[in-house]
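The values are calculated or read from the model by the stated rules, or taken from the named source; none is laboratory data. Predicted model only: the values in this text are computed from it and were never measured. Ideal geometry is used to build each Cβ from the backbone, glycine not excepted, and the neighbour counts take in all protein chains shown.
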Amino acid sequence: MNQTDHAAVLARYDRAMREGARPDGPDTRIERAGNVVRQVASAQGWNGVLWSALDAAGADAAIAEQIAYFTGLGREFEWKVYGHDLPTDLGQRLEAAGFTPEPQETLVIAEVASLTLDAEPPAGIRILPVTDAAGVDLMAEAHEKAFGRDSTRLRHRMLARLAADPDTIVAMVAVVGHVPVSSARMELVPGTPFAGLWGGGTVEAWRGRGIYRALVAHRARVAADRGYRYLQVDASADSRPILERLGFTALSTTTPYVYVP
């Protein structure tokens, strides 16, 4: 993609995936409050601001409004700030209002047709589809070992999604024998050209062997078969080089700002 393509794809992504976002589960809803689009979910789901179109004059009031709204629900929530969002000091304003920033990631996007999709898992690794509660348990175990984080929220979201909208989620786990060592998922957004890759994480002892690359390629082939044009990832510093070698392009950054009532 050249610079003109970058701008066009980023604008299309904002319209389809942020401003025009769809709920990411059966227990969620999307609301528009002025120039803010937010997702509201149960306590186990993801609550937060997906998109905003603010200016310096109205940003602080909009931030205060979202704090009051989610605090009234008793919800912790996240404001996802992209590098191209306005005003340019939005992150600083959120911190001043009591939000805590988490590590910045890079928004990378690729046209599926341009990707290298021939990556296979290393010897001894099997990639299994996650389609039921037993698969979710394996996925959650790999997630906890890879990231060192509790997987309760992931379990809840996966089980709900598989029960209500199985055609919009593709999840998989890489195993050695019966031991999970990596997992990943892809969220398909009907009516848009975008599919998102999420949660790719490998247990430390198995990193550097091509498992992550193989899981990306596997999901990309599924996306291609289902007619999706673009794949999107919020890439960490570790995954970004792998994704760029596969054909992804960095278009922006994204930083989660978390507010705990």
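Restricting 124, 91 to residues that are part of a loop (DSSP other than H, G, I, E, B) and either closer than 19 Å to residue 51 by Cα or in contact with a strand residue (DSSP E or B) (Cβ under 9 Å, 6 or more places away or on another chain) (or both) narrows the list to 124.
Conditions (1) closer than 24 Å to residue 105 by Cα; (2) out of contact with any Leu (no Cβ under 8 Å at 6 or more places or on another chain), marked per residue:
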site	(1), (2)
151	yes, yes
175	no, no
193	yes, yes
196	yes, no
203	yes, yes
222	no, yes
225	no, yes
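Does residue 97 fit the bill of being out of contact with any Cys (no Cβ under 8 Å at 6 or more places or on another chain), touching a residue at least 24 places away in the same chain (Cβ under 8 Å), surrounded by fewer than 20 Cβ atoms within 10 Å (Cβ to Cβ) and more than 27 Å from residue 223 (Cβ to Cβ)? Write out each step before concluding.
On the way: out of contact with any Cys (no Cβ under 8 Å at 6 or more places or on another chain): yes; touching a residue at least 24 places away in the same chain (Cβ under 8 Å): yes; surrounded by fewer than 20 Cβ atoms within 10 Å (Cβ to Cβ): yes; more than 27 Å from residue 223 (Cβ to Cβ): yes.
In short, yes.
Within the range 148-170, residues that are farther than 27 Å from residue 205 by Cβ and touching a residue at least 24 places away in the same chain (Cβ under 8 Å) have Cβ atoms under 8 Å from residues that are among the charged types (D, E, K, R) and exposed (fewer than 15 other Cβ atoms within 10 Å of the Cβ) in these pairs: 162/132, counting only partners at least 6 apart in sequence or on another chain.
Take residue 126 and decide whether it is in the same structural domain as residue 169 (by TED's automatic domain parsing), under 17 Å from the mean Cα position of the chain (by Cα) and farther than 18 Å from residue 233 by Cβ. When the stated conditions are applied, residue 126 does not pass them.
Quick grid of which residues meet (1) touching a Pro at 6+ places or on another chain (Cβ under 6 Å); (2) closer than 22 Å to residue 167 by Cβ; (3) not small (Gly, Ala, Ser):
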position: 9; (1), (2), (3): no, no, yes
position: 22; (1), (2), (3): no, yes, yes
position: 28; (1), (2), (3): no, yes, yes
position: 34; (1), (2), (3): no, no, no
position: 47; (1), (2), (3): no, no, yes
position: 57; (1), (2), (3): no, no, no
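Where residues in the range 43-75 are within 18 Å of the chain's Cα centre (by Cα) and more than 17 Å from residue 14 (Cα to Cα), which of them is surrounded by the fewest Cβ atoms within 10 Å (Cβ to Cβ)? Restricting to residues being within 18 Å of the chain's Cα centre (by Cα) and more than 17 Å from residue 14 (Cα to Cα), the top hit is 44.
For the range 68-86, state whether one or more residues are at pLDDT below 95, among the acidic types (Asp, Glu) and under 30 Å from residue 159 (Cβ atoms). Checking the range 68-86: not a single residue is at pLDDT below 95, among the acidic types (Asp, Glu) and under 30 Å from residue 159 (Cβ atoms).
Has the range 79-89 got at least one residue that is out of contact with any Asp or Glu (no Cβ under 9 Å at 6 or more places or on another chain) and surrounded by fewer than 15 Cβ atoms within 10 Å (Cβ to Cβ)? Within the range 79-89, one or more residues are out of contact with any Asp or Glu (no Cβ under 9 Å at 6 or more places or on another chain) and surrounded by fewer than 15 Cβ atoms within 10 Å (Cβ to Cβ). Number of residues in the range 46-56 that are more than 15 Å from residue 91 (Cα to Cα) and among the hydrophobic types (A, V, I, L, M, F, W, C): the value is 1.
In the range 210-222, the residues that are more than 15 Å from residue 126 (Cβ to Cβ) form Cβ pairs under 9 Å with partners that are part of a helix (DSSP H, G or I) and β-branched (Val, Ile, Thr), at six or more places apart or across chains, as follows: 212/242; 213/242; 216/242; 220/112; 221/112. Those residues that are β-branched (Val, Ile, Thr) and within 17 Å of residue 216 (Cα to Cα), I need them from the range 123-163; list them, please. Hits for the range 123-163 are 125, 127, 130. Number of residues in the range 104-121 that are at pLDDT 95 or above and assigned to a loop (DSSP other than H, G, I, E, B): the value is 1.
When the range 2-21 is filtered for residues that are exposed (fewer than 15 other Cβ atoms within 10 Å of the Cβ) and part of a loop (DSSP other than H, G, I, E, B), only 2 remains. Check whether at least one residue in the range 125-147 is touching a residue at least 60 places away in the same chain (Cβ under 8 Å) and either charged (D, E, K, R) or touching a Cys at 6+ places or on another chain (Cβ under 8 Å) (or both), and report yes or no. No, there is no match, as no residue in the range 125-147 is touching a residue at least 60 places away in the same chain (Cβ under 8 Å) and either charged (D, E, K, R) or touching a Cys at 6+ places or on another chain (Cβ under 8 Å) (or both). With respect to the conditions (1) under 30 Å from residue 221 (Cβ atoms); (2) β-branched (Val, Ile, Thr); (3) in contact (Cβ under 8 Å) with a residue 40 or more places away in the chain; (4) buried (at least 17 other Cβ atoms within 10 Å of the Cβ), residue 116 lacks only one, and its number is (4).
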